[in-house]
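Data block below; observations after.
The values are calculated or read from the model by the stated rules, or taken from the named source; none is laboratory data. These figures come from a predicted structure and were not determined experimentally. Please note: Cβ atoms are built from the backbone with ideal geometry, for glycine as well, and neighbour counts cover all protein chains shown. In case anyone asks, the SASA skips ligands and DNA or RNA and just uses the protein heavy atoms, side chains included. Shrake-Rupley method; radii C 1.70, N 1.55, O 1.52, S 1.80 Å.
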Amino acid sequence: ALRELFSGGKIKKTYLALVEGEFPHTAEVSSRLGSRHRHGKKVRVYPESSTAPRTQPAHTSFERLKFIPKNGCSVVQAVLSSGRRHQIRAHAAHTGHPLVGDSLYGSPHKVSETLCRSPLGLPSFLLHASSIAFPHPVTRETLDISARSHVFEDLLK
C-alpha cells in the first residue's frame, strides 16, 4: 500500500538544505533526471520533454527560509512531489546553488569552512529529511512525521 502511495504521488516529503549563495525566495524545478550509465554516480537534469533513456520525471519546490550573508549561503526548504536519486542535489545545482560541500554537484566549499565549525560531527553537505506526510493506508487519516535537526535549528535562529 505504501508503494502505491509513493508511485501515486500521495506522499509529501520535505527537506532542509544549506545551499551556496543567496537563493531566490522561491524556485520550481521540473525536469527529468537520469544518468548516462546504469551505475553513474551523478545524475543529470534533462528537459521535461527529453526522451533520453533511463530518465524519470522529477519536480522540486524550493523556498528560501534564510539567507546568511556572513557565510554566503542560504537555508532552503525543498518539497518533493517525486523522490528520485539525488533529486534535491541535482535540482539545487541546476538553479546555480549547489548544496554547500557537495563537490559532486559543483560546490567549491566545505561545510566546516562555511559554518566556521570543527568538521568533527558535520557531514560533507547538509541535507535533512524534516518531514513526511501521507494518508494512512487503512484509515486514510493523514500521518505527518517530523524530525528535528539541531544544526538547522541553530542556522535558522
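Some notes on this structure:
- Listed by chain and number, the aspartates and glutamates whose C-alpha is less than 19 Å from the C-alpha of Lys70, apart from same-chain residues fewer than 8 away, are Glu20, Glu22, Glu113, Glu153, Asp154.
- Charged neighbours of Arg32, selected by a Cβ distance under 12 Å, balance to +2 (K, R count +1; D, E count -1).
- Low-density loop positions, trypsin sites (Lys or Arg not before Pro), the stretch 41-108 - DSSP coil, at most 11 other Cβ in 10 Å: Lys41, Lys70
- For the stretch 11-98: rounded, prolate or oblate by the Cα gyration tensor [a/c cutoff 1.5]: prolate
- Of the GluC sites (Glu not before Pro) found in the stretch 23-77, the ones in coil according to DSSP and having at most 15 other Cβ atoms within 10 Å of their Cβ are Glu48.
- Charge dipole magnitude, Cβ of K and R +1, D and E -1 - the stretch 48-157, Cα centre, debye nearest 20: 180 debye
- Estimated from the Cβ-Cβ distance and a Förster radius of 35 angstrom, the FRET efficiency linking Glu141 and Arg85 is about 0.70.
- Nitroxide proxy distance, nm - points 7 Å out along Cα→Cβ at Arg38 and Thr51: 2.4 nm
- Based on DSSP H segments of at least four residues, each scored -39500 (n - 2.57), the chain has a per-residue ellipticity at 222 nm of -3500 deg cm²/dmol.
- Solvent exposure, largest accessible area first (probe 1.4 Å, DNA, RNA and ligands not counted), of Cys73, Cys116: Cys116, Cys73
- Cα coordinate range in the chain, projected on the principal axes (Å, largest first): 46, 39, 29
- Between Ala133 and Leu104, the C-beta separation translates, for a Förster distance of 35 Å, into a calculated FRET efficiency of about 0.75.
- Counting heavy atoms of the protein chains alone, Ser124 has an accessible area of about 80 Å² for a 1.4 Å probe.
- Cβ charges +1 (Lys, Arg) and -1 (Asp, Glu), total dipole of the stretch 1-53, debye: 420 debye
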